[in-house]
Structure formats: structure tokens, C-alpha cells
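First the structure, in the form of C-alpha cells, and then the observations on it.
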Amino acid sequence: MTISINAAFDSGNIVVEHVDGTSARLSIRKDRESDFFQWFHFRVACSVGDALELAIAGLATSAYPDGWPGYAACASYDRETWFRLDTGYDAGTLTIRHTAESPILWIAYFAPYSMERHHDLIASVAECEGVTYRCLGTSLEGQPIDCLELGTGDTQVWLYARQHPGESMAEWWMEGALEKLTDSADPHARSLLRKCRFHIVPNMNPDGSRRGHLRTNHAGVNLNREWDNPTADRSPEVLAVRNAMDESGVDWAMDVHGDEAIPAVFLAGFEGIPSLKAEQTEKYKAFETGLAANTPDFQVDLGYEQSAPGQANLSMSTTQLAERFGAVSMTLEMPFKDNRDLPDPVQGWSPERSKLLAHACLATLDQLL
């Protein structure tokens with residue numbers, strides 16, 4: 001039997017170049033109006049026992065070619081439990097090998113977070129006591145920019161994710177954060193909700209998410225380069241969120257992401273902003289130190305190069321919010337690869353670990369406040 005491959009569904013992305021029996025040659029479709037590509041998500045229909053060999057070619061010119069060496073593809077039979085596959089990379093081609101245990105196998109760059117699951121999350125949390133739902137605006141394709149608000153304190157905390165839609169671990173983190181904050185028995189949650197008003201945007205880029213983009217919205221715009229000058233025709237998603245931030249103010253903010261190449265969890269900050277204050281830096285460093293103490297999944301030696309004084313890119317949300325509000329803002333990065341410090345050969349970095357990291361981040365915030 002010849003296998004068949006399909007990606008015509010929410011967040012699907014693959015181009016079938018050639019199929020021969022249980023082998024296939026594939027490529028990844030670029031984001032619309034953009035040259036970015038790296039996210040893939042497709043299903044393989046096959047026979048139990050088929051020795052699958054799937055080669056995804058053309059990756060030397062992908063968005064982050066350094067992300068492929070040492071990477072293992074994610075897969076699931078039930079779309080609930082995700083595991084890693086035997087994966088090799090050579091000369092621009094990622095080759096996935098697996099002996100099928102069921103007639104349909106789902107394969108993705110990371111465990112997907114579908115728009116249907118997003119709507120389930122919004123619906124379930126909006127019903128929780130003390131939660132206010134707001135639609136901040138709509139995307140270019142008319143999808144809602146959902147915001148959940150809770151807490152009675154004066155400290156304004158913004159948590160937002162999936163500016164880059166292919167970084168699906170970011171919305172798994174959001175699910176973990178919302179689970180913790182709406183758990184009435186959780187002592188950190190109860191403490192935080194007295195101190196803070198939380199504004200939570202689990203998905204800032206629903207169009208890119210549904211379309212199977214890596215990094216951009218419907219117009220091919222990288223939303224995390226729009227924060228100094230968002231516009232209704234290019235980046236209404238950022239405009240809607242930043243306008244709401246202007247209304248509330250921002251004291252603490254976390255922008256949640258995934259990194260393709262670095263096999264670790266790390267933070268990036270705002271050290272290069274023109275109006276940098278010592279107190280901002282001290283609070284950021286205290287959070288970083290506290291998070292490292294609270295979870296061995298977080299580390300401080302791997303990460304991005306710091307900006308020189310006064311040289312921050314203010315088009316990015318973390319630096320824009322630190323400059324605009326004097327906020328303690330940060331970008332949280334999780335790996336597409338496994339975590340170097342605590343490797344898991346079966347699942348690698350996973351939805352479950354993303355959710356537990358959110359719990360640790362909130363506990364750390366509670367301790368600092």
C-alpha cells in the first residue's frame with residue numbers, strides 16, 4: 001500500500017513532492033507574503049507495520065537552519081500524547097523514520113495547539129469565578145484577539161503568547177498559567193490574585209496559527225517587530241493589545257515564545273532601552289534568579305546576546321513595554337529541541353513541561369511581589 005499525506009487542516013503545513021510506497025519527499029510551505037518557513041504539521045495514512053521514511057527537503061534556506069541539527073520531530077497517534085521520532089538532518093534535508101503502529105500518524109514541528117483548543121480554553125476559563133472576558137479587537141482575517149482578566153490587586157501584569165504562531169509551546173504555557181491562576185486551592189494563585197490584576201492574551205496571532213505559519217500574520221508581518229508603530233492594516237493584533245495596555249498600564253509583562261536553535265529555557269530582557277532604570281534591572285535579575293531556583297528546567301548561561309546601552313530594538317514588545325511603561329518585561333523562550341539540562345528521550349520538551357514551567361513562573365512572581 002502507498003501512504004498518503006495531508007495537511008489540509010488547522011495549522012497544517014506540508015507540500016508533498018513525491019510519494020513512493022512508504023517513502024515520501026516533502027517540503028514546507030512559506031508563510032503567506034513572507035520568506036519565513038520552518039513549521040510543519042501533517043498526517044500520514046498508512047498500514048500498521050509500514051516502515052515510513054519521510055524526507056523534508058530544502059531546509060538550508062529555512063528561517064532557522066541551526067534549528068535542525070539535534071532536533072527530533074514530534075508525533076502522535078491520538079493527538080493527545082506526543083512523542084519524538086527517529087530524526088536525522090543532513091545537507092538541508094530532515095529525514096524521519098518510524099515503523100507505524102496505527103493507520104494514522106500525526107507529525108509536527110512541535111505539539112500543535114489548535115484554534116479549536118484555544119476556543120475551548122477561552123470558554124472554560126471565562127466561566128471561572130472572578131474572570132472577565134474581553135475581545136480586544138480582531139485579526140486581519142476577523143478572528144478575535146481574546147483577553148482574560150482576573151485578580152483584584154494594583155500590580156498590572158500582562159501575559160501574552162504566540163506572536164509567532166509556530167511557537168505552539170507558548171500557548172501550552174498559557175494553558176498551564178490559566179490552570180494555576182483559576183485553581184482556588186492554589187496558594188500562589190490566591191496570593192497573586194490579591195496583589196495583581198492579570199491581563200492574559202493566550203494567542204496574539206490566530207490567523208498565522210490557523211494557516212500553519214511559523215512567524216507571521218495573514219499579511220506576512222512579524223508582529224514582534226511592530227510594537228513601536230502598529231497599524232490597523234499591517235498589525236491590528238498588536239495595535240489592539242498595545243491600546244489595552246495603554247489603558248491599564250503595565251508593571252510586569254511576559255512575552256512567551258519558543259526558540260528553534262537553543263536547547264534550553266531562558267529569558268531575554270530590555271537592557272538596551274534608553275531610559276533604563278536600576279530598579280527595573282534589579283527586579284528582572286531577581287526574577288531570573290528566583291526562577292532558576294524554583295525549577296531545574298530553567299537556566300541562565302545559554303541565551304541571546306545582550307543589547308548595548310541605548311541600542312535596544314524598540315519595535316519588539318519586551319523593550320517597548322520596558323521603555324513605554326517602565327515595566328519589568330521579559331521574553332520567555334522554550335526549546336523546540338529537548339532541554340539540554342534535563343533531557344527526555346521520549347518526549348523532549350513537551351506540552352506538559354511547558355505548563356509546569358508556567359506554574360514555576362507564577363510562583364516566582366508571587367515570591368518577588
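In segment 212-235, of all residues being open to solvent by 20 Å² or more (accessible area, probe 1.4 Å) and within 18 Å of D146 (Cα to Cα), the one that is farthest from the chain's Cα centre (by Cα) corresponds to A232.
Read through the list (1) modelled with pLDDT under 95; (2) open to solvent by less than 10 Å² (accessible area, probe 1.4 Å), then give the number of the only condition that W349 fails. W349 satisfies every listed condition except (1). Identify all residues within segment 128-144 that are outside any strand (DSSP E or B), among the hydrophobic types (A, V, I, L, M, F, W, C) and open to solvent by less than 50 Å² (accessible area, probe 1.4 Å); write none if there are none. Hits for segment 128-144 are C128, V131.
Hey, could you check segment 46-67 for residues that are in a strand (DSSP E or B) and either modelled with pLDDT under 95 or aliphatic (A, V, I, L, M) (or both) and say which is nearest to the chain's Cα centre (by Cα)? Checked segment 46-67; the qualifying residue nearest to the chain's Cα centre (by Cα) is I56. Here N313 fulfils each of the conditions (1) buried (at least 18 other Cβ atoms within 10 Å of the Cβ); (2) closer than 29 Å to W39 by Cα; (3) polar (S, T, N, Q) apart from (1). Applying the set (1) under 27 Å from H119 (Cβ atoms); (2) assigned to a strand (DSSP E or B); (3) in contact with a helix residue (DSSP H, G or I) (Cβ under 8 Å, 6 or more places away or on another chain) to R43 leaves exactly one unmet item: (3).
Against the list (1) part of a helix (DSSP H, G or I); (2) touching a His at 6+ places or on another chain (Cβ under 8 Å), the condition L178 fails is (2). The combined condition, being under 25 Å from E149 (Cα atoms), open to solvent by 60 Å² or more (accessible area, probe 1.4 Å), in a helix (DSSP H, G or I) and of a type outside the set (A, V, I, L, M), is not fulfilled by E282.
Among G290, G220, G258, which is part of a helix (DSSP H, G or I) and under 30 Å from Y71 (Cα atoms)? Exactly one residue qualifies, and that residue is G290.
Just one of the listed residues (D31, D78, D35) is open to solvent by less than 10 Å² (accessible area, probe 1.4 Å) and either part of a loop (DSSP other than H, G, I, E, B) or not acidic (D, E) (or both), and it is D31.
Taking V44, is it open to solvent by less than 30 Å² (accessible area, probe 1.4 Å) and more than 17 Å from N6 (Cα to Cα)? Lay out the reasoning, then the answer.
Numbers: open to solvent by less than 30 Å² (accessible area, probe 1.4 Å): yes; more than 17 Å from N6 (Cα to Cα): no.
For V44, the condition - open to solvent by less than 30 Å² (accessible area, probe 1.4 Å) and more than 17 Å from N6 (Cα to Cα) - is not met.
Scan segment 328-346 for residues that are buried (at least 22 other Cβ atoms within 10 Å of the Cβ) and more than 17 Å from M169 (Cα to Cα) and the total you get is 2.
The values are calculated or read from the model by the stated rules, or taken from the named source; none is laboratory data. Just so we're clear, the structure is a prediction, and the values are computed from it rather than from any experiment. Reconstructed Cβ throughout: ideal geometry from the backbone, glycine too, with neighbour counts over all protein chains shown. Just so you know, the surface numbers come from the protein's heavy atoms only, side chains and all, with ligands and any DNA or RNA stripped out. Shrake-Rupley method; radii C 1.70, N 1.55, O 1.52, S 1.80 Å.
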